[in-house]
Amino acid sequence: MRIVHAAVAGCLVLATGGCGTGEVTYAAVRPPGKTGDASGVRALLGRMDALPDTFFSHARAPWRPPFRPRARACRLLFDAAAGRLPREGLSGTAAATYQGAHAGELAGVGVAVYDGDEAAGHLAALRDALAHCATADAGTPYDRLAATRTPPAGIGGADAAARALAGRVGGYPYRMHLVVARSGHTLIALVHAGLTPPDPARTAELTRLLVREVGTLDA
């Protein structure tokens, strides 16, 4: 049974990007000579030494969603956690995945820095997507995650929101926490997921860490 469970976990980790071997990726969208924000956000994800002790600090390739949700609201959130955040006013973006210690556990992070007040508007749009992402599915019972009634504890307020999803990926039980947050001009999207239900305390800890770290980009 342990061998079967390990094999399933390995397949799901590979499917969601938790075992990627690529480096942190980013897109510099400023004109030439204005790439400071892009390089800063890339460096930030590459030096996350203060991650909770259940996570490996080595940054892996960006999270790859295990399926493409039919619902637009869920697609927006999955894309954001994979590093494909809203582009209007974007000055730099980066994405990475950190592998956890539990079966199939990972934390996928997308971070984007914006000019002006664009981050606040984009956060509002992602919060709205959270509210409307009731079911993320690929049109089959094998890939279907439904929002739970209780959001992850410890995350909330004007600049952060979260939603928990539970169901199946590839036919196997899977749980996911989706988080969106803002710190100044920087927007954060986080997915904390795995075969083992993700610990809400760890999700909140990851969110606080990311908010604190990206705050240095505005310093």
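How long are the three semi-axes of the equivalent ellipsoid of the stretch 164-219, in whole Å, if each is the root of 5 times an eigenvalue of the C-alpha gyration tensor, listed from largest down? Display every interim value, and only then the final one.
Numbers: eigenvalues 151, 22, 9 Å².
Semi-axes, largest first: 28, 10, 7 Å.
Where a ≥ b ≥ c are the square roots of the eigenvalues of the C-alpha gyration tensor, would you call the stretch 46-186 rounded, which needs a/c under 1.5, or, failing that, prolate if a/b is larger than b/c, or oblate?
Working: a/c = 1.62, a/b = 1.20, b/c = 1.36.
Note, shape of the stretch 46-186 comes out oblate.
What nm value, rounded to one decimal, do you get for the distance between R149 and R212 when each label is placed 7 Å out toward the C-beta?
That separation, rounded to one decimal, is 3.4 nm.
Quick one: what are the phi-derived ³J(HN,Hα) couplings along the stretch 165-170, Karplus 6.51/-1.76/1.60 with θ = phi - 60°, whole Hz, x for glycine and proline?
Along the stretch 165-170, the couplings run 10, 9, x, 9, 10, x Hz.
Quick one: what are the phi-derived ³J(HN,Hα) couplings along the stretch 64-78, Karplus 6.51/-1.76/1.60 with θ = phi - 60°, whole Hz, x for glycine and proline?
Residue by residue, the stretch 64-78 yields 10, x, x, 7, 9, x, 6, 6, 4, 4, 5, 4, 4, 6, 4 Hz.
Sorted by mean Cβ packing within 10 Å, highest first, what order do the peptides 118-125, 178-185, 106-113 take? Intermediate results must be reported in sequence, preceding the final value.
Working: 118-125: 18.0, 178-185: 23.5, 106-113: 28.1.
Packing proxy ranking, top to bottom: 106-113, 178-185, 118-125.
If you take every residue apart from P152 with its C-beta less than 10 Å away from the C-beta of P152, what net charge results, scoring Lys and Arg +1 and Asp and Glu -1? Could you put the intermediate results ahead of the total?
Working: positive: R163, R202; negative: D199.
My count for the surroundings of P152 gives +1.
At 1.4 Å probe radius, can you tell me the per residue accessible area of the stretch 42-93 in Å²? Please report the intermediate quantities before stating the final value.
On the way: 2550 Å² over 52 residues.
That works out to 49 Å² for each residue.
Compute the length gained on full extension between Y172 and A158: take 0.36 nm times their separation in residues and subtract their Cα-Cα distance, giving the result in nm to one decimal. Don't skip to the answer; put the middle values down first.
Values: separation 14, 0.36 × 14 = 5.04 nm, distance 3.49 nm.
Residue separation times 0.36 nm, minus the Cα-Cα distance, leaves 1.6 nm.
Using a 7 Å offset from the Cα along the Cα-to-Cβ direction at both T196 and R72, what is the distance between the two label points in nm, to one decimal?
Going from the T196 label point to the R72 one covers 3.9 nm.
Using the Cα gyration tensor of the stretch 70-127, with a ≥ b ≥ c the square roots of its eigenvalues, what is the shape: rounded (a/c below 1.5), prolate (a/b larger than b/c) or oblate (neither)?
Numbers: a/c = 2.81, a/b = 1.62, b/c = 1.73.
Note, shape of the stretch 70-127 comes out oblate.
Would you mind calculating the gained length between Y142 and A120 on full extension (0.36 nm times residue separation, minus the Cα-Cα distance), in nm to one decimal? Present the calculation step by step, with values, prior to reporting the outcome.
Values: separation 22, 0.36 × 22 = 7.92 nm, distance 3.58 nm.
That works out to 4.3 nm of additional length.
Which Cα, out of A112, Y142, A158, lies furthest along the positive dipole direction of the stretch 104-182 (beta carbon charges, K/R +1, D/E -1)?
Projecting each Cα onto the dipole axis, the largest value belongs to Y142.
Carbon and sulfur atoms: what percent of the 1.4 Å accessible area of the stretch 45-179 do they account for?
Ligands and nucleic acids excluded, carbon and sulfur reach 49 percent.
The values are calculated or read from the model by the stated rules, or taken from the named source; none is laboratory data. Small disclaimer: the values here were computed from a predicted structure and weren't measured. For neighbour counting, all protein chains shown are included, and Cβ atoms are generated from backbone atoms with ideal geometry for every residue, glycine included. To get the accessible areas, we keep the full protein, side chains included, count just its heavy atoms, and leave off ligands, DNA and RNA. Shrake-Rupley method; radii C 1.70, N 1.55, O 1.52, S 1.80 Å.
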